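Data block below; observations after.
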There are 2 protein chains.
Amino acid sequence: MRIPEHVGIIPDGNRRWALQKGLNKEDGYERGISPGMSLFHTCQKLGIKEMSFYGFTADNTKRPSVQRLAFTKACVAAVKVLSEENASLLVVGNTDSAMFPKELLPYTTRRDFGKGGMKINFLVNYSWEWDLGLKNGMIGPKLGTADVSRVDLVIRWGGRRRLSGFLPVQSVYSDFYVVDDYWPDFSPRHVEEAISWYSRQDVTLGG
Amino acid sequence: MRIPEHVGIIPDGNRRWALQKGLNKEDGYERGISPGMSLFHTCQKLGIKEMSFYGFTADNTKRPSVQRLAFTKACVAAVKVLSEENASLLVVGNTDSAMFPKELLPYTTRRDFGKGGMKINFLVNYSWEWDLGLKNGMIGPKLGTADVSRVDLVIRWGGRRRLSGFLPVQSVYSDFYVVDDYWPDFSPRHVEEAISWYSRQDVTLGG
């Protein structure tokens, strides 16, 4: 089996899980730590060399403070538990902000724990604008495609589930719909189905 | 119905379509023009305000020249046909390269054709590195996440089909796998299924 070297993890659905269980939204986050450790051990066994884990984003910190405190606490706990494993650990995100937990500052330079091993990039108070050096929420005026606005829906024909370098900045929040048919077999029905699916998705813009 | 304002189009599968029909790979491209016009009219009727169409990339130009000539010709023809419609048309991509077709230089400033209308961004000799001002194929040393390498596979829990700002540069070529279960219901089986799916995908890195 072809094993990916580097796996990115977006651990979404904590709040919806909590609501479904009759709990408060913020109660979902602490239930995300143990799955994270299970994931780590699964990837370790499979021989995966690097993992990037989406802890929380600068966008997420605009949520009610009871949620913010809960996911921050869960991320701090997760990093501490990971530091007791064999791993090469880096916490990465915008540290020039009060939203970055001080307890994690010692982890913002990559360090080996235990015997070292899997590279783990744990994203904390991360934002794509920060990452790219762009201004807050703006399509960057320095982009080659400065005149192209944010894309709401990407439709790809031919069955592959990847962006292949398509407008990375404009697509950060896009919903992604894949048509299995090849492009020359285009039918208006494909677009209608894509939009019908899109209209059932929520709009969060990372919030 | 909630209609997206801006739709991105990745019209993939022309070569696989041609092979399936017993044709040469390059014969697929000219069969992509008429679907493009059908798409344009479908989106026009639906009231979509902006469309970005992935014509060809700088990566694509590394293919055999018979293919390169065929997709270049198809893109030039598509832009000319679009310029006979009501549209606000922009061709955007790296014009500082012999791979950019000279016939399309007049379209690299946005212009209204007919009565104007839908904004169309037609990507020609586009590359994400060019767009972001990064060096060829390199993860940019100026990124906040310069120490994070290219991601091969993104796994998202919770059913949503979007990146939500996750590592846009490292994810340009990532395969994207969505688990419908919420994150707290994580099971190692999810990862195993994701990797089994991943190992059946080809690796093109945009080529």
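The values are calculated or read from the model by the stated rules, or taken from the named source; none is laboratory data. Keep in mind that what you see is a predicted model, and the values were worked out from it rather than measured. Ideal geometry is used to build each Cβ from the backbone, glycine not excepted, and the neighbour counts take in all protein chains shown. We work out accessible area using only protein heavy atoms, side chains counted, and drop any ligands, DNA or RNA first. Shrake-Rupley method; radii C 1.70, N 1.55, O 1.52, S 1.80 Å.
Per-residue answers, yes or no, for (1) β-branched (Val, Ile, Thr); (2) within 23 Å of B:Asp152 (Cβ to Cβ):
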site: A:Gly36; (1), (2): no, yes
site: A:Gly47; (1), (2): no, yes
site: A:Thr61; (1), (2): yes, no
site: A:Ser97; (1), (2): no, no
Cross-chain or 6+ apart pairs with Cβ under 6 Å, the stretch A:15-26 first and over 17 Å from A:Thr204 (Cα atoms), then among the charged types (D, E, K, R): A:Ala18/A:Lys25; A:Ala18/A:Asp27
Subset of the stretch B:36-47 that is open to solvent by 10 Å² or more (accessible area, probe 1.4 Å) and touching a helix residue (DSSP H, G or I) at 6+ places or on another chain (Cβ under 9 Å) - its residue that is nearest to the other protein chains (Cβ to nearest Cβ): B:Thr42
Some residue of the stretch B:89-101 being under 27 Å from A:Tyr198 (Cβ atoms) and over 20 Å from the mean Cα position of the chain (by Cα): no
Number of the condition not met by B:Gly133 [criteria: (1) crowded, with 16+ Cβ neighbours inside 10 Å; (2) facing chain A (nearest Cβ under 9 Å); (3) modelled with pLDDT under 95; (4) closer than 19 Å to B:Asp59 by Cα]: (1)
Residue in the stretch B:109-126 that is under 15 Å from the mean Cα position of the chain (by Cα) and either within 7 Å of chain A (Cβ to nearest Cβ) or free of Cβ contacts under 8 Å to residues at least 24 places away in the same chain (or both) present: yes
Sole residue being at negative phi and open to solvent by 10 Å² or more (accessible area, probe 1.4 Å), chosen from A:Tyr173, A:Tyr126: A:Tyr173
Flag for B:Gln67 being open to solvent by 20 Å² or more (accessible area, probe 1.4 Å) and of a type outside the set (Phe, Trp, Tyr): no
